[in-house]
Amino acid sequence: MKHIAIIGGGIIGATAAFYLTRPTETDSVEVTLFDDGEGQATKAASGIISPWLSKRRNKRWYALAKRGAELIPELVHGAQLGSEVYEQTGTIVTRKSSEDLKALYTEAKEKAATTPAMGEVQLFSATQVGEKLPFLTTPPAGVFVSGGAKIDGAQFVNQLLDNAQAHHLKIVHGRAKFNSSGLITCDSQQVSFDRTIVATGAWMKATLAPLGLNLAVRPQKGQLIDISVHTKESWDTLPVMMPEGSSDIIPFAGGKLVIGATHEDDQQFDLTPTKTARDELLANAGAFISNLAKEQVVDMRVGTRAYTPDFGPFFGQLPTNPAISVGGGLGSSGLTTGPIIGYLLAKSVLGELDQDLSCYTKPVSDYLANL
């Protein structure tokens, strides 16, 4: 029997738990997940799975995000997650100039030829975008990618963990810590595991500090708002919109619009919703929906993302202790890159991974000091 610990119940930890607890011919794995849930970015997030037209030019990030976008529909099917969690409705991506939009369309067509997950690519006029998103009063032109999807982070994580618990995942609600020997302590109890996956996001610097490691990761505060819009339409299948230089607009069933999120580098781990963020997000949405009012904001959610100096996610074994694997630094792409990292870490821990990961991430040692 192999005893495996997961520290952190966000998108990486929940996905790893799902794959580690899949039924096998022999019950050879026992999995315990430690999580206190504080400030978790995933549970505060609603987002978009559509990495193909990102402006980011980091080849490792793109390879990872592209694979993540391919994995998520498989994961959703395997875990039998509902449409309230994930729905492939298509994405509309905009550019401020017509020349840039045409260039984006050309890029999209070229990528789609070798990327089946993108689905159909179309160049939409402002009128066509308005037909797709009838709540817009000032629709922009955009590129429509049918393979794009929307995802509810909290529902995604919660349902994955429920699924894993049904297959004997043990969850301990509390903050787990390492001692200097690499053993895990939680609520004054000390426990030994054969392998450990650490996925504590922006808190990973503190998680690894007792091991004498200084992780190059920083927190970033992200806020988003939920807006209620009176409508007679269901909105179940409306696409999401990614406006250039502005906040994403994500319609959900029942007339809910999610707008966000902010990127605040000076707030550390503060989880207080602010009027400044609310007004900024409302103004961003107002550029396309002129009749919005602050009274329509029915909820604000706040989470803390983790960023590395090069903005790249990282994952793999600790060079100082191969029994401990880590995954983090997701930044704002966590809903896309988190599941594939969780999957690859789970397969690695089980000894089922024979893939070179250098196409997806730099070595973990690149993000550690005091080695």
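Please give the number of the condition GLY303 fails out of (1) among the small types (Gly, Ala, Ser); (2) open to solvent by less than 70 Å² (accessible area, probe 1.4 Å); (3) under 21 Å from LEU136 (Cβ atoms).
If we test GLY303 against (1) among the small types (Gly, Ala, Ser); (2) open to solvent by less than 70 Å² (accessible area, probe 1.4 Å); (3) under 21 Å from LEU136 (Cβ atoms), just (3) comes out false.
Please work out which one of (1) modelled with pLDDT of 95 or more; (2) in contact with a Ser or Thr (Cβ under 8 Å, 6 or more places away or on another chain) is the condition THR274 fails and give its number.
Of everything listed in (1) modelled with pLDDT of 95 or more; (2) in contact with a Ser or Thr (Cβ under 8 Å, 6 or more places away or on another chain), THR274 misses just condition (2).
Residue-wise test of (1) small (Gly, Ala, Ser); (2) closer than 29 Å to GLN159 by Cα.
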residue: SER54; (1), (2): yes, yes
residue: TRP61; (1), (2): no, yes
residue: ALA65; (1), (2): yes, yes
residue: HIS77; (1), (2): no, yes
residue: GLU87; (1), (2): no, yes
residue: ILE92; (1), (2): no, yes
residue: GLU120; (1), (2): no, no
residue: ALA126; (1), (2): yes, no
residue: GLY147; (1), (2): yes, yes
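Being at pLDDT 90 or above and open to solvent by 50 Å² or more (accessible area, probe 1.4 Å) is the filter here; which residues of the stretch 353-371 pass it?
Result: SER358, CYS359, LYS362, PRO363, ASP366.
Within the stretch 120-151, which residues are open to solvent by 20 Å² or more (accessible area, probe 1.4 Å) and charged (D, E, K, R)?
Those that are open to solvent by 20 Å² or more (accessible area, probe 1.4 Å) and charged (D, E, K, R): GLU120, GLU131, LYS132.
In the stretch 186-221, what count of residues is obtained for those that are hydroxyl-bearing (Ser, Thr, Tyr) and open to solvent by less than 40 Å² (accessible area, probe 1.4 Å)?
3
Return the total of residues in the stretch 125-165 being part of a helix (DSSP H, G or I) and basic (Lys, Arg).
Within the stretch 125-165, residues that are part of a helix (DSSP H, G or I) and basic (Lys, Arg) number 1.
For ALA117, work out the one condition from (1) surrounded by 19 or more Cβ atoms within 10 Å (Cβ to Cβ); (2) out of contact with any Asp or Glu (no Cβ under 6 Å at 6 or more places or on another chain) it doesn't fulfil.
(2)
Does the stretch 308-331 contain at least one residue that is modelled with pLDDT of 95 or more, in a helix (DSSP H, G or I), touching a Leu at 6+ places or on another chain (Cβ under 6 Å) and surrounded by 14 or more Cβ atoms within 10 Å (Cβ to Cβ)?
No, the conditions are met nowhere in the stretch 308-331.
Between residues in the stretch 94-114 that are in contact (Cβ under 8 Å) with a residue 60 or more places away in the chain and more than 22 Å from SER247 (Cα to Cα) and residues that are assigned to a loop (DSSP other than H, G, I, E, B) and open to solvent by less than 40 Å² (accessible area, probe 1.4 Å), which pairs lie under 6 Å by C-beta distance while being six or more apart or on different chains?
Sorted first by the residue in the stretch 94-114, then by its partner, the list stays empty.
Looking only at strands (runs of 3 or more DSSP E) that fall completely inside the stretch 1-119, which ones have 2 or more residues that are of a type in the set (Gly, Ala, Ser) and at pLDDT below 95?
46-49
Only one of SER181, SER234 is among the hydroxyl-bearing types (Ser, Thr, Tyr), under 16 Å from ALA323 (Cβ atoms), without any contact (Cβ under 8 Å) to a residue 60 or more places away in the chain and loosely packed, with under 15 Cβ neighbours inside 10 Å. Can you tell me which?
Residue meeting the stated conditions: SER181.
The values are calculated or read from the model by the stated rules, or taken from the named source; none is laboratory data. Here the structure is a predicted model, which is why all the values come from computation and not from measurement. FYI the Cβ positions are ideal-geometry reconstructions off the backbone, even for glycines, and counts take in every protein chain you see. Each accessible area value is taken on the protein alone, full model and side chains, heavy atoms only, with ligands, DNA and RNA left out. Shrake-Rupley method; radii C 1.70, N 1.55, O 1.52, S 1.80 Å.
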